[in-house]
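Reading through the structure tokens given below for one structure.
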Amino acid sequence: MKKIEAIIREEKLDAVKKALEEKSYFGLTVSEVMGRGKQKGISLQWRAGEYRVDLLPKLKLELVVLDEDVDVAIDAIVRNARTGEAGDGKIFVLPVEHSVRVRTGDRDENAI
Amino acid sequence: MSIDTGDTAWVLVSSALVLLMTPGLALFYGGMARRKNLLSTMMMSFAVMGLVGVLWVLWGYSFAFGADEGGLIGGFNFLGLLNVGMDPSDTYATTIPHLVFMAFQGMFAIITVALISGAVVERIKFSALLLFSALWMTVVYSPVAHWVWGSGGWLAGLGALDFAGGAVVHINAGVSALALVMLLGKRKGFPGHVMEANNIPLVALGAGLLWFGWFGFNAGSALAANGLAANAFVATNLSAATAGFTWMVISWLHNRPSLLGTVTGAVAGLVAITPAAGFVTPLAAIPIGIIVSVACYYAIVLMKNKLGFDDSLDVFAVHGVGGIWGALATGIFASSAIGGKPGLIEGNAAQVLTQLIGIVAVGAFAFIATLIIGKLVDVTIGLRVGQDEEMVGLDLSQHGERAYGGLLR
């Protein structure tokens, strides 16, 4: 099992979700996060003058998939989250030791 | 004189309108603070409503409007509402109950003291703010109100024009704010560290309440339901509208049209028209409003961005500078057809000089007296919170509350 952590643009969530669903990856967790990368920051205004904000709002998707499904899921995310501009985000893949479904107590492959 | 019911009704309503400005100020200031200081910033305004609301009745009113002592301060004859009752005063606002005049004036004292707090939010100790506020109302606000509005006050005798408090409220609070900032120092991390407004919608709502209440402030200062009140009402709205729009254009030229800038401009416009509203024609509010936004915008750039004063919510740049421009503008645009006093444009250049004397006198007194009072508070109970308290935020460290609930909801 692998956990896919994808940092994406807020406005790309619907497209990514839909694409994952079509590949029948239904379960995922989404959180609002702030971060920075090559996109750097943006400038905002105070009453007079500007200030720079270097952490920008993004969404973080987390989903756990079987090892053989990783490439399909990554591909669905990349194709639907990309604009080609800096700030499209990152994907990280991590190994998962166990998963447990709280309702039934099912474990691992039966619980993703 | 006998009571006029129309006048009484209007000034009663105006008093309530002016009171509403202080909760408005709490929102206006609170929204601009950081999230961890939202409540403490609002608390400063609400606490002053309590503190000055009481002290004004006990002695503040008497020291401002009691029997004249050398043109400088009122005497003891109105202490604790002594001689202040349901009948009109024979000196002030003679067509409304004396109690109504006292209450109306009290609302001005409350908001003036609360205005200062914006400069020192996010690091002043709450108890120090309370002690400072009590002393400042007594030693600065009441005497200055007497100079300008009291019967026998020396600036009034000189012919200085201040319809609704350009000097008494705005120059007084703005300059005092700057003096207090000099004593208190910068917030930890200023400048450099981004200190972002936590909620600009609150700022806009606060500005809306200020604008609404300001009709009581300025049109109520006619102390009668008459043509002068109407003049002040229209001039007030026109100045706020012009100045808000002007600030929007300035921010647009620099970047994009900013809401925070627009509402700040509206407040600056209200400040500038305050001394003038009953002396100038409504149309004079347009140049007054344009110039105040330009002046205050660049005052912020100069004071904060260039000189590095951490006047956190720009009290001097908006109220001090706006009040100074308003006082000068009153001398320039005063029309004898409105308030019976000619200004520069009608050939009376001396009025500008008189206005200047008022600005310097009030500014210098407020500055020096605030330095002394502030120092006194500093050496007795300490002005500033500890570093840890500042870092965790004043909401938690001073009040044991937070604006937004935690994870569990």
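Looking at B:238, B:228, B:223, B:259, which one is away from chain A (no Cβ under 14 Å), more than 22 Å from residue B:105 (Cα to Cα), open to solvent by 10 Å² or more (accessible area, probe 1.4 Å) and touching a residue at least 40 places away in the same chain (Cβ under 8 Å)?
On the way: B:228 fails: more than 22 Å from residue B:105 (Cα to Cα); B:223 fails: more than 22 Å from residue B:105 (Cα to Cα); B:259 fails: away from chain A (no Cβ under 14 Å).
Residue meeting the stated conditions: B:238.
Anything in the stretch B:188-202 that is closer than 30 Å to residue B:19 by Cα and more than 10 Å from chain A (Cβ to nearest Cβ)? List them, or say none. Talk me through it step by step, then tell me what you get.
Initially, the stretch B:188-202 is screened for residues closer than 30 Å to residue B:19 by Cα, giving B:195-202.
Correct list: B:198, B:199, B:200, B:201, B:202.
Going by the structure shown, is residue B:102 within 28 Å of residue B:226 (Cβ to Cβ), modelled with pLDDT of 95 or more and crowded, with 24+ Cβ neighbours inside 10 Å?
Numbers: within 28 Å of residue B:226 (Cβ to Cβ): yes; modelled with pLDDT of 95 or more: yes; crowded, with 24+ Cβ neighbours inside 10 Å: yes.
When the stated conditions are applied, residue B:102 passes them.
Out of the residues in the stretch B:306-350 that are hydroxyl-bearing (Ser, Thr, Tyr) and in a loop (DSSP other than H, G, I, E, B), which is nearest to the chain's Cα centre (by Cα)?
Filtering the stretch B:306-350 down to residues hydroxyl-bearing (Ser, Thr, Tyr) leaves B:312, B:330, B:335-336.
When the remaining residues are screened for being in a loop (DSSP other than H, G, I, E, B), the result is B:312, B:335.
Values: B:312: 16, B:335: 25 Å.
Among those that are hydroxyl-bearing (Ser, Thr, Tyr) and in a loop (DSSP other than H, G, I, E, B), it is B:312.
Go through (1) at pLDDT 95 or above; (2) under 30 Å from residue B:262 (Cβ atoms) for residue A:2 and report which single condition fails.
Tallying (1) at pLDDT 95 or above; (2) under 30 Å from residue B:262 (Cβ atoms), residue A:2 fails exactly one: (2).
Condition check: within 16 Å of the chain's Cα centre (by Cα), at pLDDT 95 or above, more than 22 Å from residue B:358 (Cα to Cα) and open to solvent by less than 50 Å² (accessible area, probe 1.4 Å). Does residue B:84 satisfy that? Walk me through it before giving the result.
Working: within 16 Å of the chain's Cα centre (by Cα): no; at pLDDT 95 or above: yes; more than 22 Å from residue B:358 (Cα to Cα): yes; open to solvent by less than 50 Å² (accessible area, probe 1.4 Å): yes.
No, not satisfied.
For residue B:68, state whether it is in contact (Cβ under 8 Å) with a residue 60 or more places away in the chain and either among the hydroxyl-bearing types (Ser, Thr, Tyr) or open to solvent by less than 20 Å² (accessible area, probe 1.4 Å) (or both). Can you show your working first?
Values: in contact (Cβ under 8 Å) with a residue 60 or more places away in the chain: yes; either among the hydroxyl-bearing types (Ser, Thr, Tyr) or open to solvent by less than 20 Å² (accessible area, probe 1.4 Å) (or both): no.
It is false that residue B:68 is in contact (Cβ under 8 Å) with a residue 60 or more places away in the chain and either among the hydroxyl-bearing types (Ser, Thr, Tyr) or open to solvent by less than 20 Å² (accessible area, probe 1.4 Å) (or both).
Filter the stretch B:353-398 down to the residues that are without any contact (Cβ under 8 Å) to a residue 60 or more places away in the chain and either buried (at least 18 other Cβ atoms within 10 Å of the Cβ) or not in a helix (DSSP H, G or I) (or both) and list them by number.
B:386, B:397, listed by residue number.
Looking at B:316, B:309, can you tell me which residue is open to solvent by 40 Å² or more (accessible area, probe 1.4 Å) and touching a residue at least 40 places away in the same chain (Cβ under 8 Å)? Even if it seems obvious, please write down each step before you answer.
On the way: B:316 fails: open to solvent by 40 Å² or more (accessible area, probe 1.4 Å).
Checking each option against the conditions leaves just B:309.
Just for helices (runs of 4 or more DSSP H) wholly inside the stretch B:147-255: which have at least 3 residues that are more than 22 Å from residue B:335 (Cβ to Cβ)? So that I can check it myself, show each step before the final result.
On the way: elements: B:154-158, B:172-184, B:200-219, B:227-254.
It comes to B:172-184, B:200-219, B:227-254.
Out of B:31, B:106, B:50, which single residue is under 29 Å from residue B:382 (Cα atoms), free of Cβ contacts under 8 Å to residues at least 24 places away in the same chain and not in a loop (DSSP other than H, G, I, E, B)? Walk me through it before giving the result.
Working: B:31 fails: free of Cβ contacts under 8 Å to residues at least 24 places away in the same chain; B:106 fails: free of Cβ contacts under 8 Å to residues at least 24 places away in the same chain.
Criteria check complete, one pass: B:50.
Which count do you get for residues in the stretch B:10-46 that are open to solvent by 20 Å² or more (accessible area, probe 1.4 Å) and more than 18 Å from residue B:89 (Cβ to Cβ)?
First, the residues of the stretch B:10-46 that are open to solvent by 20 Å² or more (accessible area, probe 1.4 Å): B:10, B:12-13, B:16-17, B:19-20, B:23, B:27, B:34-36, B:39, B:42-43, B:46.
Still in the list and also more than 18 Å from residue B:89 (Cβ to Cβ): B:13, B:16-17, B:19-20, B:23, B:27, B:34-36, B:39, B:42-43, B:46.
Residues that pass the stated criteria total 14.
Taking the condition of being more than 29 Å from residue B:253 (Cα to Cα) and touching a residue at least 12 places away in the same chain (Cβ under 8 Å), how many residues in the stretch A:18-60 meet it? Spell out the reasoning first.
Of all residues in the stretch A:18-60, those more than 29 Å from residue B:253 (Cα to Cα) come to A:18-35, A:37, A:58-60.
Subsequent filtering for residues that are touching a residue at least 12 places away in the same chain (Cβ under 8 Å) retains A:18-20, A:22-23, A:25, A:27-35, A:37, A:58-60.
So the count comes out to 19.
Among (1) out of contact with any Phe, Trp or Tyr (no Cβ under 7 Å at 6 or more places or on another chain); (2) within 12 Å of chain A (Cβ to nearest Cβ); (3) open to solvent by less than 60 Å² (accessible area, probe 1.4 Å), where does residue B:250 come up short?
(1)
Go through the stretch B:282-301 and report how many residues are within 14 Å of chain A (Cβ to nearest Cβ) and either modelled with pLDDT of 95 or more or outside any helix (DSSP H, G or I) (or both). Talk me through it step by step, then tell me what you get.
Taking the stretch B:282-301 first, the residues within 14 Å of chain A (Cβ to nearest Cβ) are B:292-301.
Now narrow it down to the ones that are either modelled with pLDDT of 95 or more or outside any helix (DSSP H, G or I) (or both): B:292-300.
Final tally of qualifying residues: 9.
Which ones in the stretch A:86-112 are among the acidic types (Asp, Glu) and within 13 Å of residue A:64 (Cα to Cα)?
To start, the set of residues in the stretch A:86-112 that are among the acidic types (Asp, Glu) comprises A:88, A:97, A:106, A:108-109.
Listed by number, the residues that qualify are A:97, A:108, A:109.
The values are calculated or read from the model by the stated rules, or taken from the named source; none is laboratory data. Since the structure is predicted, the reported quantities are computational estimates derived from the model, not experimental observations. So basically every Cβ, Gly included, is an ideal-geometry build from the backbone, and we count neighbours across all protein chains shown. All accessible areas refer to the heavy atoms of the entire protein, side chains included, with ligands and DNA or RNA removed. Shrake-Rupley method; radii C 1.70, N 1.55, O 1.52, S 1.80 Å.
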